[in-house]
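All remarks here apply to the structure that follows.
The values are calculated or read from the model by the stated rules, or taken from the named source; none is laboratory data. Model, not experiment: these values are computed from the prediction. Because the Cβ atoms are built from the backbone with ideal geometry, glycine has one as well, and the counts that use them run over all protein chains shown.
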Amino acid sequence: MGLLSTILVASSGTLFALVTASALLWIHPVVFVIGGGLMLRTTFTVRGLRTAALETHRQLQQPDLDLARQSLRNLVSRDPSHLSQPQIVGAALESVAENTTDGYIAPWLFFALAGIPGAFLYRAVNTMDSMVGYRGKFEYYGKSAAILDDLVNLVPARIATVFMLIAGLALGKDFSSGLATAKRDRGLTASPNAGWTMSAMSGLLRVRLEKSGHYVLGSGFADPKSRHILDSISISQLVAVQGVLLTAAILLIIGILV
């Protein structure tokens, strides 16, 4: 049942994008460019990630940590109600790092390779995973969505990690530590992909990232401070720039070859 639901949602989203994009092109190329751009915009987020992370940083400057915990709900799915300040910061850093992959690098790559339908296919799979791809009583239902999400993020997560290390180097962060931590800790998370960017971020900022009872990335480093959220946002923004350049390069190469 879970596999059928995943296939149905993914194929429906892809078919909708294909039919709509074709209709826009039939009307007029200019309409296709404008409408297609608006459609593509629904499949990724850069500003939203930055805004959510900045809000958590802003609330951490208040004496009441409950405000920061509340704002963190816009970034993570875990229960933040009992998190300490370092844990709140760490969760924010992990979210920024992980979302460089599924927030924009992955949908841009799918768009570059398969057009708007490709971006919609990716977003449908990723959305299904976020909705039902969890562990627990109904794990069997979301298993297929989780596996498929792991597969579609396999290459994008590693590309995002390379971009993150380059961004860290450009911003004067500890590139060597980022690379070493990514090599050492990338397999400590349950996800085969999330650990790549999160461990790279941990090493670049030389901070310890921990999800209690699950993993510790960058063991031996100090606890993160609120200022590290700003550092992570800067790194994430530079990753986005590289993602745009890669997408443009792929589209150019395909345009020349086709």
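Among the numbered criteria (1) part of a helix (DSSP H, G or I); (2) modelled with pLDDT under 95; (3) hydroxyl-bearing (Ser, Thr, Tyr), which one does Thr100 miss?
Among (1) part of a helix (DSSP H, G or I); (2) modelled with pLDDT under 95; (3) hydroxyl-bearing (Ser, Thr, Tyr), Thr100 violates only (2).
If you scan segment 23-43, which residues turn out to be more than 29 Å from the chain's Cα centre (by Cα) and polar (S, T, N, Q)?
Of everything in segment 23-43, nothing turns out to be more than 29 Å from the chain's Cα centre (by Cα) and polar (S, T, N, Q).
Going by the conditions given, is Ala92 in a helix (DSSP H, G or I), buried (at least 19 other Cβ atoms within 10 Å of the Cβ) and more than 20 Å from the chain's Cα centre (by Cα)? Before the answer, list the steps.
Working: in a helix (DSSP H, G or I): yes; buried (at least 19 other Cβ atoms within 10 Å of the Cβ): yes; more than 20 Å from the chain's Cα centre (by Cα): no.
So Ala92 fails the test.
Output yes when any residue across segment 127-135 is surrounded by fewer than 21 Cβ atoms within 10 Å (Cβ to Cβ), among the aliphatic types (A, V, I, L, M), assigned to a helix (DSSP H, G or I) and modelled with pLDDT under 80, and no when none is. Lay out the reasoning, then the answer.
Taking segment 127-135 and keeping what is surrounded by fewer than 21 Cβ atoms within 10 Å (Cβ to Cβ), we get 127, 130-132, 134-135.
The next check asks that each one be among the aliphatic types (A, V, I, L, M); those that pass are 131-132.
Okay, now just the ones that are also assigned to a helix (DSSP H, G or I), so 131-132.
When the remaining residues are screened for being modelled with pLDDT under 80, the result is 131-132.
Scanning segment 127-135, I find at least one residue that is surrounded by fewer than 21 Cβ atoms within 10 Å (Cβ to Cβ), among the aliphatic types (A, V, I, L, M), assigned to a helix (DSSP H, G or I) and modelled with pLDDT under 80, so the answer is yes.
For segment 26-64, which residues satisfy the criterion of being of a type in the set (Gly, Ala, Ser) and crowded, with 16+ Cβ neighbours inside 10 Å?
The answer is Gly35, Gly36, Ala52, Ala53.
Say whether the condition of being under 19 Å from the mean Cα position of the chain (by Cα) and of a type outside the set (Asp, Glu) is met by at least one residue in segment 217-224.
Within segment 217-224, the first condition is being under 19 Å from the mean Cα position of the chain (by Cα), and the residues that meet it are 217.
Filter again for of a type outside the set (Asp, Glu), leaving 217.
Within segment 217-224 (the criterion being under 19 Å from the mean Cα position of the chain (by Cα) and of a type outside the set (Asp, Glu)), the answer is yes, since at least one residue qualifies.
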